[in-house]
Amino acid sequence: MILESIRLKNTLLLLFLFPLFVFAQDKPNVVMIYVDDLGYGDLSSYGATKIQTPHIDQLAKDGIRFTNGHSSAATCTPSRYSLMTGKYPFRKSGTGVLPGDAALIIDQNQITLPELFKQQGYETAIVGKWHLGLGNQVEKNWNEEIKPGPLEVGYNYSYIFPATADRVPTVFLEGHIVQGIDPKDPIHVSYKAKVGNEPTGLENPELLKMKASLNHGHNQTIINGIGRIGWMTGGVQSRWVDEEVTPTFTDKAVNYIRQHKDNPFFLSYHATEPHVPRMPSTQFKGKSGLGFRGDAILQLDHTVGEISKALKDNGLYENTIIIFTSDNGAVLDDGYEDGAVTQLNGHNPFGPFRGGKYSSFEGGTRVPFIISWPKGIKKSQESDALICQMDLLSSFANYFKKPLANQSELDSENIWNTFIGKDKKGREYLVKSAGSQSITKGNMKYILPSKGPAISKLTNTELGNNPEDQLYNLAQDPGEKSNIAKENPKIVAELKSLLERIKNK
Ligand code: NG6
Ligand code: CA
């Protein structure tokens, strides 16, 4: 009798726990590998022949490779803003490339991609580049807690650097705290005027281990032999050594996976490669034969391999969704003499597209976009559906069956079935922000007239600016060589008014 009642109790307990157990196990982990300035043609899975990226290519073999995937903008901050909030960057002013001392630009009361996962019981973390601002104002004390930041907009854990690797302060923050702060050597940062009396690239070029390109402005405080944008003094113990940045981030990501293997997690790994300054670790220096930019891509591929391995070693790979994409297209000379131009060796980072980072042409925003999920996506698929990174927010909300309260304000669309390869159709249209805005609908792409320069003198990029309307048929002319606006006034008018409507939504 007693025995039976214990048995019954156990059965009831099991019945009660079973659904929880199954559900917890079933939730896929998500690893978002968001990289910096990687071009459409930079991966062997996207046609590169002068460089091999086997670990990233493996993700495509284990899932789906998109050929019409986009960031919402051709630079970092606005693309990241969209990824986080599901909104076009032009909905908010101040979403252009931020200086290293900028305040947080994400409204804490709105849903974000990591917040969505948090609401579903996930552990959420970001490791890597941030570039969305920190604190409530520009003037801040880097030697005390700095907030709001990633922890206030959806992440439970963060290990980041504030802006870009070429901007001061060149420090890591774990949560709210700069690592290695020392009250005897406080950090000061300014983007207005020199602080302290440390050497700058402008005054002491003989101290540089990598020269800055002419006129780019990477000639302020020298850290680790590299001139930066912005001035910094103090915090010697906090400063990174560029060669160690990626090994540090990789370790953090791998440890995070190990430590969270029993709970569903959303991990954003925001790599710094191949953004400038390209200063790979000794293991990769000189390895690609394409200069430091190529070496940085090999280093990135290695990290992706380490992340995949950590997932496999912990039995998580099958049920982890890995999303791999880049915040904008490729650029060669973005501020330093690092061999990107002189040792290009026939490598084509732009693939079949015109323009690159900063450009309204496809090279600005059409980027590698791969999703692997062995348990949920058929292997080795390819899709030419029009998709954008900002769609991840509404798509995951749909996957969790949690429609977003503010969906009507968002530009993010639910294209979940497209992301997992069940639907070959993506968005109907997409607006992209670069120098001048463009809209793509079906095969047709319209670029608004703009008086800006046709070519950036600094980076030698075709920016896509033209005082006339531009219309391209991307199916026939992916390289946007022949402007067919004059012959197609009706399509131009239609796309122009659609663009206006979206902007005034
Ligand atoms: C530009 C920098 C460039 C890079 C970029 C940001 C100059 C002339 N160029 O202003 O080197 O830092 O900003 O890149 O200062 S992004 O990928 O983070 O948007
Ligand atoms: Ca970038």
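The values are calculated or read from the model by the stated rules, or taken from the named source; none is laboratory data. Quick caveat, the model's predicted, so the values are computed rather than measured. With ideal geometry, Cβ positions are generated from the backbone for all residues, glycine too; neighbour counts draw on all protein chains shown.
Among the residues examined, Thr164 qualifies as within 16 Å of ligand 2 (Cβ to nearest atom), at pLDDT 95 or above and polar (S, T, N, Q).
The number of residues in segment 190-228 being surrounded by 21 or more Cβ atoms within 10 Å (Cβ to Cβ) and either closer than 19 Å to Leu98 by Cα or hydroxyl-bearing (Ser, Thr, Tyr) (or both) comes to 6.
Among the residues of segment 61-73, some residue qualifies, meaning at least one is modelled with pLDDT of 95 or more and over 18 Å from Ile371 (Cβ atoms).
Checked against the criterion of being farther than 24 Å from Gln283 by Cβ, within 16 Å of ligand 1 (Cβ to nearest atom), at pLDDT 95 or above and of a type in the set (Val, Ile, Thr), the candidates Ile229, Ile177, Ile181 yield just one match: Ile229. Scanning segment 40-78 for residues that are assigned to a helix (DSSP H, G or I) and within 23 Å of Gly442 (Cβ to Cβ) turns up just one, Tyr46. Taking segment 430-451 only, how many residues are of a type outside the set (Lys, Arg) and loosely packed, with under 15 Cβ neighbours inside 10 Å? The number of residues fulfilling the criteria is 3.
Can you spot a residue in segment 209-220 that is within 16 Å of ligand 2 (Cβ to nearest atom), modelled with pLDDT under 95 and within 30 Å of the chain's Cα centre (by Cα)? Don't jump to the end; show me each part of the working.
First, pick out the residues of segment 209-220 that are within 16 Å of ligand 2 (Cβ to nearest atom): 216, 218.
Adding the requirement that they be modelled with pLDDT under 95 leaves 216.
Remaining after also requiring within 30 Å of the chain's Cα centre (by Cα): 216.
Yes, segment 209-220 contains a residue that is within 16 Å of ligand 2 (Cβ to nearest atom), modelled with pLDDT under 95 and within 30 Å of the chain's Cα centre (by Cα).
Looking at Glu306, Glu318, Glu382, can you tell me which residue is in the same structural domain as Ala253 (by TED's automatic domain parsing), surrounded by fewer than 24 Cβ atoms within 10 Å (Cβ to Cβ), part of a strand (DSSP E or B) and at pLDDT 95 or above?
Working: Glu306 fails: part of a strand (DSSP E or B); Glu318 fails: part of a strand (DSSP E or B).
Checking each option against the conditions leaves just Glu382.
Number of residues in segment 146-175 that are of a type outside the set (Asp, Glu), in a loop (DSSP other than H, G, I, E, B) and at negative phi equals 15.
Selection of segment 321-337 for residues being part of a loop (DSSP other than H, G, I, E, B), within 16 Å of ligand 2 (Cβ to nearest atom) and over 16 Å from the mean Cα position of the chain (by Cα) yields Leu332, Asp333, Asp334, Gly335. Cβ-Cβ distances below 6 Å connect the following pairs, each with a first residue in segment 287-301 that is within 19 Å of Asp251 (Cβ to Cβ), a second residue that is surrounded by 24 or more Cβ atoms within 10 Å (Cβ to Cβ) and hydrophobic (A, V, I, L, M, F, W, C), and a separation of six or more residues or different chains: Leu300/Ala271; Asp301/Ile56.
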